[in-house]
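The values are calculated or read from the model by the stated rules, or taken from the named source; none is laboratory data. The structure displayed is predicted, hence computed values, not measured ones. Quick reminder, even Gly has a Cβ in these numbers, built from the backbone with ideal geometry, and neighbours come from all protein chains shown. Keep in mind that these areas ignore ligands, DNA and RNA; they rest on the heavy atoms of the full protein, side chains included. Shrake-Rupley method; radii C 1.70, N 1.55, O 1.52, S 1.80 Å.
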Amino acid sequence: MNYQGYIIYRERVRRNWSQAGLCKGICTVSYLSKIESGRAEPSGEILRLLLARLNLETNRDVEREAAGLAERGWELLLTGRRGQLHGLLDERDIERYRAVPAWLDLALLSAQTPLEPALEPCMDVRQLAIQRILQRQEAEAVRLMPNAYTHLMLGIADYNAGSYSAAVDALQTAYDLAGREGAVRLMLEAKLFLGNVYGNRQDLPNMERHYRVGQRLAEDLQDESALRAIGYNTASVWIETGRYEEAYAWFSGQEQPTLMALHKLAICCEKTGRREEALRALTRAETMDIDEIDRALALRLLQLVRYRLEHPDYLTHDDYGTLLLDSFDRLQKELPLGYALFHLPWVLEWHKATRQYKKACELLEAYFPGRTP
């Protein structure tokens with residue numbers, strides 16, 4: 001289907017105009033019907049007159065401007081420079097280009113959610129692949145457009161779902177393709193998520209192997225946020241594997257910690273007997289904003305640490321168990337698997353303390369098949 005035929009149809013219906021009313025003096029009703037259904041390619045003059053009657057701006061300058069903007073946007077997206085992409089499109093009024101075919105590109109490149117399904121017959125393969133990513137159908141996006149970007153998106157989706165073997169395959173493919181394409185930022189992102197996968201598996205040698213490459217890439221790109229992410233994730237895995245002093249050294253050394261970094265610092269202090277420092281970290285965190293997860297959920301996680309610090313016999317308190325299990329349930333439903341994995345030891349501890357051994361075994365088998373509590 002021709003996009004401009006579709007937009008003429010949609011705008012006509014939105015205004016509740018008849019075909020005869022729209023095309024009067026321009027073309028026949030039957031010809032307009034063919035234009036709207038994509039069965040005819042109108043001349044430039046007829047198209048211009050129909051769009052003008054609908055108050056939709058189009059001319060060669062607008063078309064060239066939109067097409068150039070779209071091509072630049074695609075280049076930025078497919079090489080991993082999404083910060084630059086947002087800067088490029090955030091400064092533009094995309095609706096100005098509504099009447100030209102490149103609007104589809106610009107709308108998809110700037111979208112957070114899928115475009116309406118009725119537009120899909122107007123999309124080319126590249127556009128449809130991005131639509132599928134927005135619809136969380138990443139495997140289909142890879143089938144349509146098998147490049148570094150789509151493999152990366154598939155790997156991230158598999159990582160978030162806890163499908164770690166599939167994630168490794170997709171992320172390694174993304175890294176290899178990005179290397180061939182010279183897409184350094186996609187290489188960095190693939191290495192970060194590969195490190196995350198092995199971190200969640202508590203496979204420190206492989207985590208550190210991927211993070212070392214990621215760190216070199218981040219240093220060359222001067223990407224401070226990536227370097228912080230590597231440090232944060234590494235120190236978090238140290239907590240999970242009982243290396244509390246090493247984790248404490250990293251979290252306590254942050255000059256501008258995030259709320260979740262303070263949460264981890266409080267846990268390090270809890271585990272190493274620094275009770276007062278832990279309470280100070282929690283108090284500071286409770287006043288901060290957060291972008292990583294829902295604020296109410298973050299505050300519940302802080303509350304759990306505070307409860308343990310203020311009640312040494314917390315395993316005898318039902319309200320602690322309720323808070324813990326409700327929070328864990330939200331983590332499982334709302335966030336990538338790593339968040340639930342991090343808090344799993346406290347849930348297992350609670351089930352064992354309350355003699356719910358079957359639940360402990362079921363959880364452990366679900367997250368770590370083959371292990372016993």
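Assuming a viscosity of 1.002 mPa s and a temperature of 20 °C, what translational diffusion coefficient in µm² per second does Stokes-Einstein assign to the stretch 1-89, Rh being the Kirkwood radius over Cα pairs?
146 µm²/s
From the square roots a ≥ b ≥ c of the eigenvalues of the alpha-carbon gyration tensor of the stretch 315-373, which class results: rounded (a/c under 1.5), prolate (a/b over b/c), or oblate?
In terms of gyration-tensor shape, oblate.
Indicate the gyration tensor shape class of the stretch 283-341 (rounded, prolate or oblate), computed on the Cα atoms with a ≥ b ≥ c the square roots of the eigenvalues: a/c under 1.5 is rounded; otherwise a/b larger than b/c is prolate and the rest oblate.
Verdict is oblate for the stretch 283-341.
Viscosity 1.002 mPa s, temperature 20 °C: Stokes-Einstein D of the stretch 39-104 from its Kirkwood Cα radius, in µm² per second?
D = 164 µm²/s.
Over the stretch 224-279, consider all pairs of different Cα atoms and compute the Kirkwood hydrodynamic radius from their mean reciprocal separation; express it in Å, one decimal. Walk me through the numbers on the way to the answer.
Working: mean 1/r = 0.0910 Å⁻¹.
Kirkwood hydrodynamic radius for the stretch 224-279: 11.0 Å.
Based on the inverse mean of 1/r over its pairs of different Cα atoms, what is the Kirkwood hydrodynamic radius of the stretch 219-324, in Å?
After inverting the mean inverse Cα-Cα distance, the result is 14.4 Å.
So if we plug the beta-carbon distance of residue 276 and residue 112 into 1/(1 + (r/R0)^6) with R0 = 45 Å, what FRET efficiency do we get, rounded to 0.05?
Plugging the Cβ-Cβ distance into 1/(1 + (r/R0)^6) gives 0.55.
Return the label of the correct value of Rg/Rh (Cα atoms, Kirkwood Rh), as calculated from the structure shown, out of (1) 1.27; (2) 1.00; (3) 1.10.
(3)
When a/c reaches 1.5 or more, the comparison of a/b and b/c decides; with that in mind, is the stretch 172-222 rounded, prolate or oblate per its Cα gyration tensor?
Verdict is oblate for the stretch 172-222.
How long are the semi-axes of the ellipsoid equivalent to the stretch 50-141, from square roots of 5 times the Cα gyration tensor eigenvalues, in whole Å, largest first?
So the three semi-axes of the stretch 50-141 are 22, 17, 10 Å.
Just need the Rg to Rh number for the stretch 92-227, please, alpha carbons only, Kirkwood Rh.
When Rh is taken as the Kirkwood radius, the ratio is 1.04.
Ignoring everything except DSSP H segments at least 4 long, calculate the 222 nm mean residue ellipticity for the chain; use -39,500 (n - 2.57) per segment, divide by total residues, nearest 500. Numbers along the way, then the final one.
Numbers: 21 runs with 269 residues, N = 373.
So the calculated ellipticity at 222 nm is -23000 deg cm²/dmol.
Rounded to a whole number, what % of the accessible area of the chain do carbon and sulfur atoms account for, probe 1.4 Å?
49 percent
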